[in-house]
Amino acid sequence: MEAHPHALAPAGSPTLGSLPVQPLLTAEFDADPGSVYRRLRSSYGPVAPVGLLGVPVWLVLDYREVLEVLRNESRWRRDVRHWRARTQGELPPDWPLLAGYEVRQTMFMDDEEHRAARRTHHASLRPFQDARSPEGWELRAAVARYADELIALLAADSGRSGFADLGAQYTRPLLLMVTTKLFGCPVDLGDELVMDLWRMLDGGPESGPATGRALAAFTRLAAHRRARPGDDLTSYLMLADPDLSDEQLGRELFMNAVYLNDITGNMVLNTLLEVLRGNATVRRSLSAGQLGETVNRAALANPPIANMCFRFAARDVRLGGFWIRAGDVVCPSSAAAHQDLLAIGASHLVGSTVSTRAHLGWGAGPHQCPSAARELGQLIVTTAVGRVFDHFAQAELTLPADQLPWRSGPVVRGLRLLPVRYELADDAPVLRPAELSRTPFAHPGEGQTRGLLAALRRLMSGARRNI
Ligand code: HEM
């Protein structure tokens, strides 16, 4: 990175607005984003101008440059008020990604305001992080129990051997059950919420209304828990910062829900896929019992967030082959950076293998996933993946890996479904109807265990309808 402490871009160097841009989200990107990143890199170098749903953006492609953007917060700001095109009214008012960026929460704060918000997240997550605390113990037990229940439900629905979609029938309901438990929320948040989080991230025409609906749901939850506090994250966030209004708490929960459902779900499904498609190193680490290593390898091959949140240049700065102007928007791509990293690792110039922990799946720098959240995410992913391979004697993909349907949006590349033919192990869990109705899907004492089975089935069929 060239340091030009107080330099101004030289007159005549091309501006983002003056460059012809290729749209990023094309059919080719949908099918094979790696080839698009390679082409952009060979045309422009480590940073390329692209069109994102009609708006020009600098896409940062190389590992070194991505790390610089993630780590250097004095040069690369998160607060959207630094975005020149936004303040000058140059963004289309109905630009689909704008709704998400207008939700002011921790991710879009800088400096002391940001550090204080992170302290609140840490304090509220800490009880769940510690396996010896009652909350931590209970959450760990609940994740494993929910996974077992979903596998048992699958057996009740489709038999001890058969066909299943590990997305709609396992991963998504599992994460919704964990969210329900962790947030202390009523069961009716349901499948539509997950779909609204998808719609927001994918930037389709529905993303504005979907963001509004999800925010309203979490604001209602905040008000509900303020009136009836419990041993849940929502109540602990309020305890950690009593000044949080219901609206701000709703915004923070909304962001956590994105990570807990969509991003954690991608990490579960990507890890399962890498194992099922026969990635040899992933399989080796799994059979050696190193589940954490398996997850790292899968994250390197396919990070759960492909293109991270925008950053905005605080001043003119040279990055890659271009001068980025103050207020320009840059999008650090972890997927492209991993491709670059793996190419460096494979090159004879470096001659060494890349540490799997070098992946950017958790981000880097001041906005990286808070350690308590990361431990929670890791716990959920390793439990979810581990339970599948504990309970399935056999599982194989029913589609060739290159024909699996992906959601390939501006932020995530995630599997829409993960169809498998399976055979359960002899000791896999079985649920009898009487046990199903007792499953603790929500907080005890709130009368929410009624209709669990119906709720889960609705969730699964709803998720299938929406893909
Ligand atoms: C496997 C699961 C997870 C992955 C892969 C993941 C990944 C990430 C990444 C990459 C970032 C940084 C994004 C950026 O810089 O643009 C981030 C930030 C964040 N994550 Fe996680 N996350 C996971 C789970 C969770 C969970 C379960 C929670 C909370 C319940 C959570 C809460 C947060 C918060 C609050 C931030 C914002 C931090 C900030 O801006 O300072 N994450 N996460």
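Taking the longest Cα principal axis of the chain as reference, the axis of helix 172-183 is set at about 90 degrees.
For a protection proxy built on the mean count of beta-carbon atoms within 10 angstrom, sort 21-33, 58-70 highest first, please. Mind showing how you got there, number by number?
Working: 21-33: 15.3, 58-70: 23.5.
Most protected by this proxy first, the peptides run 58-70, 21-33.
Within the chain, antiparallel bridges make up roughly 85 percent of the DSSP beta bridges whose residues both belong there. When all protein chains stay in place and ligands, DNA and RNA are ignored, the 1.4 Å accessible-area order of R311, R421, largest first, is R421, R311. Other residues lying with their Cβ under 10 Å from the Cβ of I344 contribute a combined charge of -1, Lys and Arg counting +1, Asp and Glu -1. The base-10 log of I(q)/I(0) for the chain, evaluated at q = 0.06, 0.08, 0.09 Å⁻¹, reads -0.26, -0.47, -0.60 [Debye formula, identical scatterers on Cα atoms, solvent excluded].
Using the alpha-carbon atoms, what tilt in degrees (0 to 90, nearest 10) does helix 452-465 show relative to the longest principal axis of the chain? With rounding to tens, the tilt is 40 degrees. Inter-part distance, segment 363-427 to segment 194-210, computed on C-alpha centroids, equals 21 Å. What FRET efficiency comes out for the pair L8/A227, r = Cβ-Cβ distance, R0 = 60 Å, nearest 0.05? Computed FRET efficiency for L8 and A227: 0.65. Between rounded, prolate and oblate, where does segment 1-98 land on the alpha carbon gyration tensor, with a ≥ b ≥ c its root eigenvalues, rounded for a/c under 1.5, else prolate if a/b exceeds b/c? The shape class here is oblate. What would the Debye formula give as log10 I(q)/I(0) at q = 0.13 Å⁻¹ for the alpha-carbon point model of segment 43-148, no solvent? The computed values of log10 I(q)/I(0) come out as -0.76.
For the chain, the solvent-accessible area of protein heavy atoms averages 41 Å² per residue (probe radius 1.4 Å; ligands and nucleic acids excluded). Rounded, prolate or oblate: pick one for segment 115-184, where a ≥ b ≥ c are the square roots of the eigenvalues of its C-alpha gyration tensor, a/c under 1.5 means rounded, and failing that, prolate if a/b is larger than b/c, else oblate. It comes out prolate by the Cα gyration axes. Post the alpha-carbon centroid distance, segment 130-189 to segment 12-41, in whole angstrom. When both Cα centres are located, 39 Å separates them. Under 5 Å between amide hydrogens, built in the peptide plane, is the criterion, and for I324 it picks out V317, R318, L319 among residues at least 5 positions away or on other chains.
Among 327-333, 247-253, the peptide with the highest mean count of other Cβ atoms within 10 Å heads the list, and the full ranking is 327-333, 247-253.
The values are calculated or read from the model by the stated rules, or taken from the named source; none is laboratory data. This one's a predicted model, so the numbers in the text were calculated from it and none came from an experiment. No Cβ is skipped: glycine too gets one built from the backbone with ideal geometry, and neighbour counts run over all protein chains shown. Heavy atoms of the whole protein, side chains included, go into the accessibility calculation; ligands, DNA and RNA do not. Shrake-Rupley method; radii C 1.70, N 1.55, O 1.52, S 1.80 Å.
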